[in-house]
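Below is one structure, written out as structure tokens, with a few remarks after it.
Derivation of every value follows stated rules applied to the coordinates shown; laboratory data play no part. Quick caveat, the model's predicted, so the values are computed rather than measured. In this analysis, Cβ positions are derived from the backbone assuming ideal geometry, glycine residues included, and neighbour counts consider all displayed protein chains.
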Amino acid sequence: MHLKTNPTLAIIGLGYVGLPLAVEFSKKFKTIGFDINQSRITELTNGVDATLEVSKEELAAATELSFSCDVAELAIADIYIVTVPTPIDEYKRPDLTPLLKASEMLGKVVQENNVIIYESTVYPGATEEDCLPVVERVSGLTFNKDFYAGYSPERINPGDKEHRVTNIKKVTSGSTPEVANYVDDLYKQIITAGTHKASSIKVAEAAKVIENTQRDLNIALINELAIIFNKLDIDTEEVLLAAGSKWNFLPFRPGLVGGHCIGVDPYYLTHKAQEIGYHPEVILAGRRINDGMGSYVVSQVIKKMIQRRLHVEGSNILVLGLAFKENCPDIRNTKVTDIITECQEYGANVDVYDPWVKAAEAKHEYGITPIKEPKPGHYDAIILAVAHSQFKDMGAEAIRALGKPDAVLYDIKYVLPADAVDGRL
């Protein structure tokens, strides 16, 4: 084993995870940022990051970072770090296609003494049982004899400028004890918060997938409580604030659970559990609750419209926000789409307004074209779905002015005071 002390790195996939990682590693090593999307490579070469995770100044300062979509250029790398998406399919089953295609591609360029590190969220065992055999098959090399592997799960929080890649503690692992130390030392070069070296790749994989499963279940509990309190005519936020006066009460809030992680990762764990003959009950129950929240919100809005004798079919409804979270353009797996679809099924006309989201991307991903500006005095109902700072700055009066005099204003994210809205979770 001859692992390089001053390696060249290649980051495979330049999305919300890969690009910030590539920028940080380029401060210490020669780094190649690779993506199959030519338009993404072009914009990054021109110093523009559409995800808004990295500034133009940061890109300009990354002088040891180059961008490419040419596989042949990867052959000079010693370490490959894979940060491609791991989504679920329409049946909520893990879709490893991007990961397997990346592994197949690396099989064409990997050489002896190279190390492949996966960061994409997977179920325990996926790296060694699914991905590395593909690399072996294509390359003709033998895993843990000719080349080696590690797993260091990503912990990026899109849109969060406080918790960034360098100041979030990093879990690391390797396919042998020596490689585990090598991978750990590599990440210590850029992670100021420190690292946690797991005993195996499977332990690191499991640690990642339960981080978001735990968060999903905590939100599911609060969502279920919100439904109960609504039936009891009790304000959920008041209850949570009161309970939160105890030091060990966890400050979760109800809402839509979308995005690429929390609403997806639990299905990776449940898939593996079912594969080995165990049917997970609590995890899937939490998923059912969270997946049903869009429908629940619309049912509440429609009830309030009917109580005000507003004709639902043919009504105009404004949805404020499309991104999966506030102050971020990320629309991956956004559950706001559930609200839009449900409103349309009632025969309502739906306008979607989100100052953070690119209209072309929304159209491509969901067939939704956000409006450029809401129409004042036009709407029968307004659903405040995402807590963007722009909506907070507007305030209740300006938002209400977008609706007709008797319009229903429903606030999912507690953006406005309780007495300023007609309903909220």
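A few comments on the model shown:
- ³J(HN,Hα) computed for each position of the range 87-95 - Karplus, 6.51 cos²θ - 1.76 cosθ + 1.60, integer Hz, glycine/proline x: x, 10, 8, 5, 9, 6, 9, x, 10
- CD proxy at 222 nm, helix term only [per DSSP H run n ≥ 4: -39500 (n - 2.57); per residue of the chain; nearest 500]: -11500 deg cm²/dmol
- Relative to the Cα centre, the charge distribution of the range 82-122, modelled as +1 at Lys and Arg Cβ and -1 at Asp and Glu Cβ, gives a dipole magnitude of about 40 debye.
- Signed unit charges on C-beta, dipole axis of the chain, positive-most listed residue Pro405, Phe229, His163: Phe229
- A DSSP coil position with no more than 15 other Cβ atoms inside 10 Å describes the following chymotrypsin sites (Phe, Trp or Tyr not before Pro) in the range 220-322: Trp247, Phe249, Tyr278.
- Assigned charges on the beta-carbon of Lys, Arg, Asp, Glu; the chain dipole about Cα centre (debye): 440
- A DSSP coil position with no more than 12 other Cβ atoms inside 10 Å describes the following trypsin sites (Lys or Arg not before Pro) in the range 350-425: Lys372.
- Couplings 3J(HN,Hα) for the range 19-31, derived from phi with the Karplus relation 6.51 cos²θ - 1.76 cosθ + 1.60 (θ = phi - 60°), are 5, x, 5, 4, 4, 5, 5, 5, 6, 10, 9, 5, 10 Hz, where x marks Gly and Pro.
- Each Lys or Arg adds one and each Asp or Glu takes one away; over the other residues whose Cβ falls under 10 Å from the Cβ of Ala50, this sums to -2.
- Loop-located chymotrypsin sites (Phe, Trp or Tyr not before Pro) in the range 27-103 (DSSP state not H, G, I, E or B) with no more than 12 neighbouring Cβ atoms inside 10 Å: Tyr91.
- Extension gain, Lys188 back to Asn349 (0.36 nm per residue minus Cα-Cα distance, nm): 52.7 nm
- The mean of 1/r over all pairs of different alpha-carbon atoms in the range 296-360, once inverted, gives a Kirkwood hydrodynamic radius of 12.6 Å.
- DSSP beta bridge pairing in the chain, given as percent antiparallel to the nearest 5: 5
- Label-zone membership for the range 54-96, site Thr166, 7 angstrom Cα→C-beta point, backbone N under 12 Å: 58, 62
- Structure note, pairs Lys335/Lys358; Lys197/Lys272; Lys92/Lys188; Lys108/Lys325; Lys161/Lys404; Lys108/Lys272: Cα-Cα distances above 26 angstrom occur for Lys92/Lys188; Lys108/Lys325; Lys161/Lys404; Lys108/Lys272.
- Placing +1 on each Lys and Arg Cβ and -1 on each Asp and Glu Cβ, with no other charges, gives the range 126-196 a dipole about its Cα centre of roughly 320 debye.
- Summarising the label geometry, the points placed 7 Å from Cα in the beta-carbon direction at Ile210 and Tyr366 lie 3.3 nm from one another.
- Residue-span extension gain [Asp146 to Ala72] - 0.36 nm each, minus C-alpha spacing: 24.6 nm
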